[in-house]
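J.: Structure incoming, see below.
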Amino acid sequence: MIKKFIDKLLGKSASGKGGRPDFGKRQEVGPQEHGIDPKLVDERALNVVHTLKEAGFEAYVVGGAVRDLLVGLRPKDFDVATNATPEQVKGLFRRAFIIGRRFRIVHVVYGRGREHEVIEVSTFRAYMDNAAAEQVAGNEKTSKSELAGMKHAVDSSGRVLRDNVWGPQDEDATRRDFTINAMYYDPETQTVVDYHNGIKDAKKRVIRMIGDPLTRYREDPVRIIRAVRFAAKLSPLGFKIEAKTAAPLVQSQALLADVPQSRLFDEMLKLLQTGHALATIEQLKALGMSRGIYPLLDVVVERADQPFVKAALQDTDRRVGESKPVAPSFLLACVLWADVRDGWAARLADKQHPFPALQDAIDDVFNARIGDVSGRGKLAADMREIWMMQPRFDKRTGSTPFSLVEQPRFRAAFDFMRLRADVGEVDVLLADWWQEFSQASDAVREDLVAQMRDEQHKGVRRVRSAPKPAQRDASRDQPRDEAPSRAAPAHEGDAPAGDTSTGDAPKKRRRRRRKPGGGAGGESGGGSGGESSPAASRD
């Protein structure tokens, strides 16, 4: 009788063994079997676990970090799971913040500025039978007032809108999505706790859903996107989605219509900015899901084979792999540039002034492609600056070059223009000139502008002839982020990269030795110390 009451209180089905979910069998696996290298565990995650355990709570590294550790990868993010409540966790750390309504979690923050790191701490959650949950009309977008004060609630389709009922570890494991994401690692004892054969699936390279896949996708449709993301990330290691887990993916896509657009936007960025953008697009195509997840993602998939967009995706993957920063504003600016460029050209053909015409074209693209999700915030402002700077690169005399390199978004805008040059949309000489100018000392910058002014006054047309393979500038064969730093002195007599001026060109100037650190274009001009990759410094 007491057991039935407890089961009812926790939302468990009272229909006997057949209705009770399988919470699995606890397995504790030692370091000799799992083979995790403890040196790969982040020190801040270790500190969080140690602090919680010292206070008398259970604490484990959990989820994707354990999965990555098992297959020998260094995790980029570390999450911790504990039996401490969010309020108890917050009280143990100086900089900790409770966030979320759907799932209340704690962000423990280390460091400040761009170097800060967040360890996400969640409380073990009870497995709740959706039949016993509070039901609300509508969905998460339309039922916010009804959800106030609820701890466990679902909508009419069975999607979980609130999940803040605490419980034991075995139930917490069962309510997670995939077996390879439902393991717990104690870095102090080096023990992995596994309830659903996650270690076995990791060794077999299988992505398998815990429980009935269709039911789990209905509980949280974002799991559809997560399945694709994990398959793309882990495919180089041989992972594949289990047939039963993959079967309902396409038919479940319709469930995404009720997910808030802001959440879908964030999930789209995870697909594109975790270092596996091209692999993700291939997975979407292979699974028959190239359309229908999110409108802007449809555009990315559709244009992924275009040289300009493909180059941006490749460079983003490369930068993530090298632990360099990337920003959505740059990648989305690349994806939508064709729309801006064509709209701008149409307005110029109607004799509109160039800059207002460009502004109008950008507004149309925001309205048509991005809407109100993130299109009116910082992301939109950064994209607009990248696009609006493009015509300004054509002016290389007077004060314009000096003021342009001082703009906060100069580096991203230059990288964008460099990428356009790489695919033949603008003259590569233009990109070479701006790269040299941005990295030069004040004196060399004055010389570059003076030379450009003299050439324009004499009507000299600079023509770039294709260099012979043996004479090709070595810096062009290196990744663009390995371009010579401004701090490196130039050799006496060096000419600008790619300068093959012919005819009655001005007399070749003698290059002054660059100053190691000073000058108007110092750190604020270059922004990333010579970084010229198309994704550099895009915060």
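The values are calculated or read from the model by the stated rules, or taken from the named source; none is laboratory data. Since the structure is predicted, the reported quantities are computational estimates derived from the model, not experimental observations. Cβ: placed from backbone, ideal geometry, glycine included. Neighbour counts: every protein chain shown. Only protein heavy atoms, including side chains, enter the accessible area calculation; ligands, DNA and RNA are left aside. Shrake-Rupley method; radii C 1.70, N 1.55, O 1.52, S 1.80 Å.
J.: Out of all the residues in segment 397-410, is one or more open to solvent by 10 Å² or more (accessible area, probe 1.4 Å), in a helix (DSSP H, G or I) and within 21 Å of residue 306 (Cβ to Cβ)?
T.: Among the residues of segment 397-410, not one is open to solvent by 10 Å² or more (accessible area, probe 1.4 Å), in a helix (DSSP H, G or I) and within 21 Å of residue 306 (Cβ to Cβ), which makes the answer no.
J.: Let me ask something else. Among the residues of segment 311-321, which ones are without any contact (Cβ under 8 Å) to a residue 60 or more places away in the chain, in contact with a helix residue (DSSP H, G or I) (Cβ under 8 Å, 6 or more places away or on another chain) and either closer than 25 Å to residue 254 by Cα or open to solvent by 10 Å² or more (accessible area, probe 1.4 Å) (or both)?
T.: 314, 317
J.: May I ask you to list the residues in segment 238-271 that are assigned to a helix (DSSP H, G or I), out of contact with any strand residue (DSSP E or B) (no Cβ under 9 Å at 6 or more places or on another chain) and open to solvent by less than 50 Å² (accessible area, probe 1.4 Å)?
T.: 252, 253, 255, 256, 264, 265, 267, 268, 269, 271
J.: Can you confirm whether residue 360 is in contact (Cβ under 8 Å) with a residue 12 or more places away in the chain and more than 27 Å from the chain's Cα centre (by Cα)?
T.: yes
J.: What is the number of the single condition among (1) in contact (Cβ under 8 Å) with a residue 12 or more places away in the chain; (2) under 27 Å from the mean Cα position of the chain (by Cα) that residue 367 does not meet?
T.: Residue 367 satisfies all of (1) in contact (Cβ under 8 Å) with a residue 12 or more places away in the chain; (2) under 27 Å from the mean Cα position of the chain (by Cα) except (1).
J.: In segment 272-283, what residues are farther than 12 Å from residue 230 by Cα and part of a helix (DSSP H, G or I)?
T.: 272, 278, 281, 282
J.: Looking only at segment 27-56, count every residue that is of a type outside the set (Gly, Ala, Ser) and open to solvent by 50 Å² or more (accessible area, probe 1.4 Å) and tell me the total.
T.: Selection size over segment 27-56: 15.
J.: List, please: which pairs have Cβ atoms under 9 Å, are six or more places apart or on different chains, and start with a residue in segment 284-304 that is surrounded by fewer than 16 Cβ atoms within 10 Å (Cβ to Cβ) and end with one that is β-branched (Val, Ile, Thr)?
T.: Sorted first by the residue in segment 284-304, then by its partner, the pairs are 285/301; 288/250; 291/301; 292/250.
J.: Kindly establish whether residue 445 is at pLDDT below 95 and either within 35 Å of the chain's Cα centre (by Cα) or not in a helix (DSSP H, G or I) (or both).
T.: No: the conditions fail for residue 445.
J.: If residue 425 meets every condition in (1) under 23 Å from residue 390 (Cα atoms); (2) modelled with pLDDT under 90 apart from one, which number is that one?
T.: So the condition that residue 425 fails would be (2).
J.: In segment 186-213, how many are more than 27 Å from the chain's Cα centre (by Cα) and either under 17 Å from residue 32 (Cα atoms) or in contact (Cβ under 8 Å) with a residue 12 or more places away in the chain (or both)?
T.: The qualifying residues number 16.
J.: Could I ask something else about it? Being closer than 18 Å to residue 125 by Cα, part of a helix (DSSP H, G or I) and polar (S, T, N, Q) is the filter here, so list the residues in segment 32-90 that pass it.
T.: 88
J.: One residue is enough: does segment 154-171 have a residue meeting the conditions part of a loop (DSSP other than H, G, I, E, B) and at pLDDT 80 or above?
T.: Scanning segment 154-171 turns up at least one residue that is part of a loop (DSSP other than H, G, I, E, B) and at pLDDT 80 or above.
J.: Another question, if that's okay. Name every residue in segment 197-247 that is polar (S, T, N, Q) and under 25 Å from residue 278 (Cβ atoms), in order of residue number.
T.: The answer is 235, 245.
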